[in-house]
């Protein structure tokens, strides 16, 4: 699908913003998916196109994060969670190619309303330090991350928020450590889902490459910030609240009441 030339600088900028927001919190697809839809790309095709930049962004973030002393311990703890997440992602991505754009929009919208309540609930719980743990290999974690993987494969938009909610509120990681685990898992998670979208011809490659360049740079900037700033946890929560709110306004067309 050919786009007008002026959309490509906008895609680079949207990718940059999404890379920063996705790495620090989640829901950066508010920028990328919204712009892809504005260009006239159908929602199903936009959903697949959006996966390319997200994968590149996570890959860049992991390579930046691997220099940290936290990388190896968090990598080891994330391995068990990868198994159910990947299984769920494959099933979710397969199902997503068979549903209508209207259903996709409704699912995203109601989930974002739920997640806003989760993030606003007991703000101090989002500023904890990582708790000591004996074992992450529980049935509850397996089922929970299978569900998150299914959603990530199905839609992707907002999956970072789901990961953070599970890792912070249930697994008791700090929001920064939870972010790093989320990024590690997403590198593996996004690949099989992306391959399914490619196989089903659900990627518009020129817009996807423009987004990938922006998101890769944004992911690098945000990872550096999270590693080097002690106040990052507080700002990550603020970013979460803003991005979920923007998603709700967009998906339910609430902006029309302000016009």
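At-a-glance table
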read-out: Cβ crowding within 10 Å averaged over residues, with 25-32, 203-210 ranked highest first; value: 25-32, 203-210
read-out: Tilt relative to the chain, helix 29-38 - C-alpha long axis, 0 to 90 degrees, to 10; value: 10
read-out: Inter-label distance for residue 94 and residue 229, nm, one decimal - labels placed 7 Å from Cα along Cα-to-Cβ; value: 4.2
read-out: Helix 232-251 vs. the chain, principal-axis angle (Cα, 0 to 90°, nearest 10); value: 30
read-out: Per-selection Rg to Rh, the range 1-121 - Cα, Kirkwood hydrodynamic radius; value: 0.99
read-out: Förster radius 41 Å - calculated FRET efficiency between residue 140 and residue 63 (Cβ-Cβ, nearest 0.05); value: 0.80
read-out: Dmax and Rg, reported as Rg then Dmax, of the range 11-54 (C-alpha, Å); value: 9.6, 29
read-out: Label point distance in nm, residue 199-residue 249, each placed 7 Å from Cα along Cα→Cβ; value: 4.0
read-out: Hydrodynamic radius of the chain per Kirkwood, over alpha carbon pairs, in Å; value: 18.1
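Computed from the coordinates by the stated procedures, all read-outs in this text should not be read as laboratory data. No experiment lies behind these values; they were computed from the predicted model shown. Glycine gets a Cβ as well: all are built from the backbone with ideal geometry, and neighbour counts include every protein chain shown.
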